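In what follows, a single structure is set out as structure tokens and then discussed.
Since every read-out is calculated from the coordinates, none of them should be taken as a lab result. It should be emphasised that the depicted structure is a prediction, and the values quoted were computed from it without experimental measurement. Cβ placement follows ideal geometry from the backbone for every residue including glycine, while neighbour counts extend to all protein chains displayed.
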Amino acid sequence: MISLVFALPRIAIAAVMAAGLAVLVPNAAAPADVVVSWTSSTPAEGTVLGVSARTQLYFQLGASAPAPAVATRIRTSGATPRGAELRSSDGNPAKAAFVWTPSPSQVGEYRVTFSAATDVPNVGVERTIVIRVGRAGRPPPGPTPPRGVYPQRFSLSDRSDETYRWAFVRHRTVARSGPSSSARALSRIPFRTPELYRNAILVLDGVKYHKGRTWVRIRLAILPNGSTGWVPRGSLTAFQTVHTRMLISHSRLRAILYRHGRPVFSTIIGVGQPNWPTPRGEFYIREKLSGYYSPAYGPRAFGLNARSAILTDWPGGGFIGIHGTNAPGIIPGRISHGCVRMRNPAIMRLFRLMPVGTPVTIQ
């Protein structure tokens, strides 16, 4: 019997062979049809990421091609910082995670380029990320990183929208100079204030690490006034929110309470004498005091985290308060040892209006 292949004309043979090839690789794509794209998990081109030395930087990348049968891979191109690791998984889509814990000797700026490509020649894309490494124990430098990049910074108190957050101390801890247990210790954070009230803490912002602790930055009750420090998030209770802010003016001898940016209370005051001035700066209300028997302090008082830089040997360490008085005739004036005094009707009204956690600006 004569073979069918030999019986067919050459043109027919070529057509049969072409048809057979199409059956073997029906999903093959021509190079011109293959396009590799970065997925949304990848930081944008030129993104600047900040990280402190001895702190892990973590972010994910992804890439895909429209043809299902085309495998994609992600790699680094060019120089990579010493100690950095790219954990990649090829496929469609391809996934990768960049992990790096820079050492103190690696403080500086780095440009890392990543490529996503396929087996199809000349098909691929690149993306360059800028990494800035700051000194150990400090917040990550640079702008806030995009979602999915760690360490992730976040704001907790923001004057632009008059939103402030505070929390009680859950258990005793140590405030440090940076968001790390290896950072320098600044102050012990006790469970109670010197007046034995539960210790309230104003929180400013925070840093979250990948699969690790979250740290928050707080206002401290130490000298010099205005000091801040970092504590583990778990050392504080749930955050509470206030929308009030108090302004105390030395020059005008007046206190004004704002709620959502609008004044709701105003009164004349007495402040510290020249030898014992009321400290200036940014503070907060950490306790509301009542039920004591001292006419000189009036019927109510507020405890601040501010401290006198002169009367440091006073009981409790010379903390500054806002309180009433049994001598209303001397208000307004520069009359006290550093505390802010109000007439008793004013302090009683303010006690109803101003909650714990309220920021206080003394200027």
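When each of the peptides 350-363, 46-59 is scored by how many other beta carbons lie within 10 Å of its residues on average, the order from highest to lowest is 46-59, 350-363. Note on segment 244-362: antiparallel DSSP beta bridges, both residues inside, total approximately 75 percent of the bridges counted.
Annotation: peptides 310-318, 230-238, ranked by per-residue average of other Cβ atoms within 10 Å with the highest first, follow the order 230-238, 310-318. Each pair of Cα atoms in segment 90-180 enters the Kirkwood radius, and Stokes-Einstein at 25 °C and 0.890 mPa s then converts it into a translational diffusion coefficient of 141 µm²/s. A convex hull fitted to the Cα coordinates of segment 33-134 yields 85 cubic angstrom per residue. Listed by chain and number, the aspartates and glutamates whose C-alpha is less than 18 Å from the C-alpha of K211, apart from same-chain residues fewer than 8 away, are E85. Every helix of 4 or more DSSP H residues in the chain counts as -39500 (n - 2.57), and over all residues that averages to -2500 deg cm²/dmol at 222 nm. Just so you know, the Cα atoms of the chain work out to an Rg and Dmax of 32.2, 129 Å.
Segment 240-276 and segment 89-130 have Cα centres spaced 52 Å apart.
The angle separating the long axis of helix 344-353 from the principal Cα axis of greatest extent in the chain is about 20 degrees. Straight-line cross-link partners of K288 among the aspartates and glutamates, defined as a Cα under 14 Å from its Cα and at least 8 positions apart when in the same chain: E195. Reported value for segment 134-289: 151 Å³ per residue, from the convex hull of its C-alpha atoms. Given Cα positions, please report Rg to Rh for segment 244-362, the hydrodynamic radius being the Kirkwood one. A ratio of 0.92. Placing one equal scatterer on every Cα of segment 157-232 and applying the Debye formula, the log10 ratio I(q)/I(0) at q = 0.26 Å⁻¹ is -1.33.
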